Amino acid sequence: MNQIEQMFYDAYVTHDRTWRVDNHISLVTPDKLPLKPQYKIAGYVVDFLYEEKIDNTEDLSLRVAVEIDGQESHKTKAQRLDDYQRERFLQKNGIYVVRFTASEVYVDAENCVCELEQIVHTLLKRANNIIDYGMKIED
């Protein structure tokens, strides 16, 4: 992890720990956190993968790749093309992609983590609504 990714990860760990304590939920070890750094997916490495079970089912999970874009690694046409191809690959495989600039994380990593949390909450709510709707149709 580079310095900016470490800032994001540290802000996430602090945020998650605070949220768990405030909600009287047991703390988990870093390997059990839903946010995994430097996660490999079929030849690609995403900065972070957020993965959470949907509706307590074993076979459904929400997967969100978090990418932090630094200016140096995203300035050439070839680098941007690689980013676009990777993003399409992830999307085709059911993984949402959330991007932050390195500047955003540097200025306010906590805000970026809160924004990720809001996005995840919206996606989980949407997924659960779809599951509930499907159950009503089957009844």
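The values are calculated or read from the model by the stated rules, or taken from the named source; none is laboratory data. Owing to the predicted nature of the structure, the values given are computational and were not obtained by experimental measurement. Cβ atoms come from the backbone with ideal geometry, glycine included; neighbour counts cover every protein chain shown. Ligands, DNA and RNA are stripped out before the accessible areas are found, and what is left, the full protein with its side chains, is counted by its heavy atoms. Shrake-Rupley method; radii C 1.70, N 1.55, O 1.52, S 1.80 Å.
Residue by residue through segment 72-94, note down the ones that are touching a strand residue (DSSP E or B) at 6+ places or on another chain (Cβ under 8 Å) and over 15 Å from Gln38 (Cα atoms). Passing the criteria: Asp83, Glu87, Phe89, Gln91, Asn93, Gly94.
Take segment 1-51 and flag every residue that is assigned to a strand (DSSP E or B) and charged (D, E, K, R).
Pass one, segment 1-51, residues assigned to a strand (DSSP E or B): 35-41, 44-51.
Correct list: Lys36, Lys40, Asp47, Glu51.
Within segment 1-23, residues that are farther than 13 Å from Pro37 by Cβ reach partners that are exposed (fewer than 13 other Cβ atoms within 10 Å of the Cβ) with beta carbons closer than 6 Å, at six or more positions or on different chains, in the pairs Arg20/Leu27. Checked against (1) in contact (Cβ under 8 Å) with a residue 40 or more places away in the chain; (2) closer than 26 Å to Ala42 by Cα, Tyr106 passes all but a single condition, namely (2).
The set of residues in segment 7-56 that are open to solvent by 70 Å² or more (accessible area, probe 1.4 Å) and within 13 Å of Ala109 (Cβ to Cβ) comprises Asp10, Thr14.
Residues in segment 68-97 that are part of a strand (DSSP E or B), crowded, with 18+ Cβ neighbours inside 10 Å and at pLDDT 90 or above: Ile68 only.
Note on segment 98-113: residues that are part of a helix (DSSP H, G or I) and out of contact with any His (no Cβ under 7 Å at 6 or more places or on another chain) amount to 10. Cβ-Cβ distances below 9 Å connect the following pairs, each with a first residue in segment 28-44 that is modelled with pLDDT of 75 or more, a second residue that is of a type in the set (Asp, Glu) and open to solvent by 60 Å² or more (accessible area, probe 1.4 Å), and a separation of six or more residues or different chains: Pro34/Glu51; Pro34/Glu52; Leu35/Glu51; Lys36/Glu51; Tyr39/Glu51.
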